[in-house]
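Notes to accompany the following structure.
Throughout, read-outs are computed from the coordinates displayed, never taken from laboratory work. Small disclaimer: the values here were computed from a predicted structure and weren't measured. Methodologically, a virtual Cβ is constructed for each residue, glycine included, from the backbone with ideal geometry; neighbour enumeration extends over all protein chains shown.
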Amino acid sequence: MFSLLSTLNTSRTDWRIRVRLSRIWLRTSIDGNVDGYNLIMIDNQSTNVHAYVKAEIWNLFNNYITVGNIYEVSTFYVRMASGRFRRTRSVVSVVFCMQTTVSLFNDSYCDIPRYKFDFLQMEQIIQRVDEDNSD
């Protein structure tokens, strides 16, 4: 049984989710070294969540993780999402650890969307900036 992204919380690490990988981008340090990888994952309820993978852990997965594919991911940390660099509306984010497993899910039909977009009015953007800068 898989958990929905909307049900993730910080109470445990034995989660199991089925998600489509929508985006990947690098996180680099000031000196240009790759610190890790940011991911956006989407489930079949169109909920998206940001995930972070440290560079040394990414090396366990990088040969077979591809944007657009669907994966079964298990055993990871969940933390509260906060700060001005929050990537999705989700209140939590996922952090891969050494125990995290990622398996490709091969199914000709799957109801997980490829992308999710949140369109905002200008006033909402300004409000979010104000909220994020109040930390």
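So if R0 is 25 Å, what FRET efficiency would I125 and R23 give, r being the distance between their Cβ atoms, rounded to the nearest 0.05?
0.80
Which order results if S29, S74 are arranged by neighbouring Cβ count within 10 Å, fewest first?
So the residues, fewest neighbours to most, are S29, S74.
Taking other Cβ within 10 Å of each residue's Cβ, how do W25, W15 sort, fewest first?
Least crowded to most crowded, the residues run W25, W15.
Amide H of N69 versus every other amide H placed in the peptide plane: which residues, excluding those fewer than 5 positions away on the same chain, fall under 5 Å?
It is L21, by chain and number.
Got the relative contact order for the chain handy, in percent, Cα pairs under 8 Å and 6 or more residues apart?
Once divided by the residue count of the chain, the mean separation gives 26 percent.
As a footprinting exposure proxy, order F119, F105, F76 by other Cβ within 10 Å, with the fewest listed first.
Taking fewest neighbouring Cβ atoms as first place, the list is F119, F105, F76.
Cα gyration tensor of region 5-132, axes a ≥ b ≥ c as square roots of the eigenvalues: rounded (a/c below 1.5), prolate (a/b > b/c) or oblate?
oblate
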